Amino acid sequence: MDGILPLWKPEGFTSHDCVSKARGMLKTKKIGHTGTLDPDVEGVLPLCVGKATKIVPFLTDTDKVYEAVVTLGTATDTEDSSGQIVESKEVTENIPYSEIEDHISSFQGEITQTPPMYSAVRVNGKRLYEYAREGIEVDRPSRQVLIKEISILSKDEEVVEGEMSFSLRVVCSKGTYIRTLCVDIGKTLGYPAHMSSLVRTKTGGITRDECYTLAQVQEKADEHKGKELLLPLSRGLSDMVSWEVDEEWKVMIQHGRVLTKPSHIDAETFAVVHDKEVIAIYQQHPSKPGYVKPVRVF
């Protein structure tokens with residue numbers, strides 16, 4: 001069984017929980033997920049099955065699309081609604097839509113983020129959330145991330161109990177902390193803030209409309225139709241430049257040959273396709289200019 005299971009991760013489950021359940025349902029051990037989603041978050045979580053596990057790093061590196069709700073008026077230690085309130089400032093009047101729009105537009109492009117203490121980033125071999133649970137705050141390395149698109153979906157028309165919320169759509173690179181983005185947007189508006197809701201609606205080229213719930217996966221598995229749920233490997237590499245080859249080239253590529261770089265390929269890394277099937281991923285050779293070498297062969 002080889003392919004990509006487009007799973008809709010429910011709230012209350014970790015990404016690892018979903019992998020464990022899928023292994024049991026599909027009766028195969030070789031499954032990997034493509035980017036951690038916090039337990040409180042639901043959304044698109046592609047699971048790579050069988051040979052598709054070879055493309056996990058490439059699918060993890062693709063852009064993600066999120067819908068998040070920013071709540072102004074309170075900040076929490078986890079930067080989301082599951083944490084303890086650490087700062088409050090009452091919102092006394094509704095902030096105009098145009099003002100919010102002006103502030104969020106400044107976050108489009110490359111920005112610097114500091115990962116939250118409650119995150120899985122490692123510092124000195126230890127996860128940040130482990131330090132946080134011990135009440136220890138450590139220096140965290142900042143990182144550059146890319147916000148490709150950011151826009152307001154809707155906003156509250158009234159302030160409720162000193163808080164005001166609005167929802168955003170964000171298209172971003174791997175490694176972006178939407179929680180931190182919400183907090184930083186709040187700061188520019190002059191209020192403590194936290195992320196009160198988050199849904200991932202797209203990973204690479206895989207959308208929520210294509211996803212199956214765990215219940216649907218179980219149903220298909222019970223009917224011995226689990227294979228019908230899987231997308232081809234090519235769907236996980238849809239954002240990657242591809243090179244279509246004939247049968248003669250296919251044989252060389254499947255033997256892992258170093259090849260002369262195709263003149264029409266400018267990308268550092270690209271997929272090699274034969275008869276609509278991905279057979280390998282190649283990249284520029286690190287020590288031989290003008291040549292390419294295999295990174296993965298399927």
statement: Computed ³J(HN,Hα) along the range 179-188: with the Karplus parameters 6.51/-1.76/1.60, θ = phi - 60°, integer Hz and x for glycine or proline, the list is 4, 5, 4, 4, 5, 5, 5, x, 4, 5
statement: Once phi for every residue in the range 158-173 is put through the Karplus expression 6.51 cos²θ - 1.76 cosθ + 1.60 (θ = phi - 60°), the whole-Hz ³J(HN,Hα) values, with Gly and Pro written as x, are 9, 7, 10, 6, x, 10, 9, 10, 8, 10, 10, 10, 10, 10, 8, 7
query: Once both axes come from the Cα atoms, what is the angle between helix 15-26 and the longest principal axis of the chain, in degrees from 0 to 90, rounded to 10?
result: 40 degrees
query: Among 165-176, 223-234, what's the highest-first ranking by average C-beta atoms within 10 angstrom per residue?
result: 165-176, 223-234
Value of relative contact order over the chain, rounded to a whole percent, pairs C-alpha under 8 Å and six or more apart: 22 percent
query: Once Rg/Rh (Cα atoms, Kirkwood Rh) is worked out from the coordinates, which option in (i) 0.94; (ii) 0.97; (iii) 1.03 does it equal?
result: (iii)
query: What's the center-to-center distance, using Cα atoms, between the range 77-116 and the range 244-276 in Å?
result: 46 Å
- prompt: At 222 nm, what helix-only mean residue ellipticity would the chain give, in deg cm²/dmol to the nearest 500, using -39500 (n - 2.57) for each DSSP H run of four or more?
  reply: -6000 deg cm²/dmol
Amide proton proximity set for residue 164, modelled H, under 5 Å, gap of 5+: 72
- request: Please say if the range 189-286 is rounded, prolate or oblate, where rounded means a/c under 1.5 for a ≥ b ≥ c the square roots of the C-alpha gyration tensor eigenvalues, and otherwise the choice is prolate for a/b larger than b/c and oblate otherwise?
  value: oblate
field: Whichever lysines have a C-alpha closer than 23 Å to that of residue 27, once near sequence neighbours (fewer than 8 apart) are set aside
entry: 9, 51, 54, 220, 225, 227
query: Rounded if a/c is under 1.5, else prolate if a/b is larger than b/c, else oblate: which is the range 94-215, with a ≥ b ≥ c the root eigenvalues of its Cα gyration tensor?
result: oblate
field: Relative contact order, percent, the range 1-90 [alpha-carbon distance under 8 Å, six or more residues apart]
entry: 27 percent
message: What is the sum of charges, Lys and Arg at +1 and Asp and Glu at -1, for the other residues whose Cβ falls under 14 Å from the Cβ of residue 253?
response: -1
field: the range 242-297: relative contact order in percent, alpha carbon pairs under 8 Å with at least 6 residues between
entry: 38 percent
field: Between the range 11-50 and the range 163-181, the alpha-carbon center distance in angstrom
entry: 22 Å
task: Could you list which residues have their amide H under 5 Å from that of residue 278, counting only those 5 or more apart in sequence or on another chain, with H placed in the peptide plane?
output: 234
Entries of 250/293; 148/261; 30/174 with Cα pairs more than 19 Å apart: 148/261; 30/174
message: Averaging over every viewing direction, what projected area does the convex hull of the Cα atoms of the range 242-297 cover, in nm²?
response: 3.4 nm²
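Bear in mind that the values in this text are calculations on the coordinates, not laboratory data. Everything numeric here is computed off the predicted structure, so don't read it as measured data. Reconstructed Cβ throughout: ideal geometry from the backbone, glycine too, with neighbour counts over all protein chains shown.
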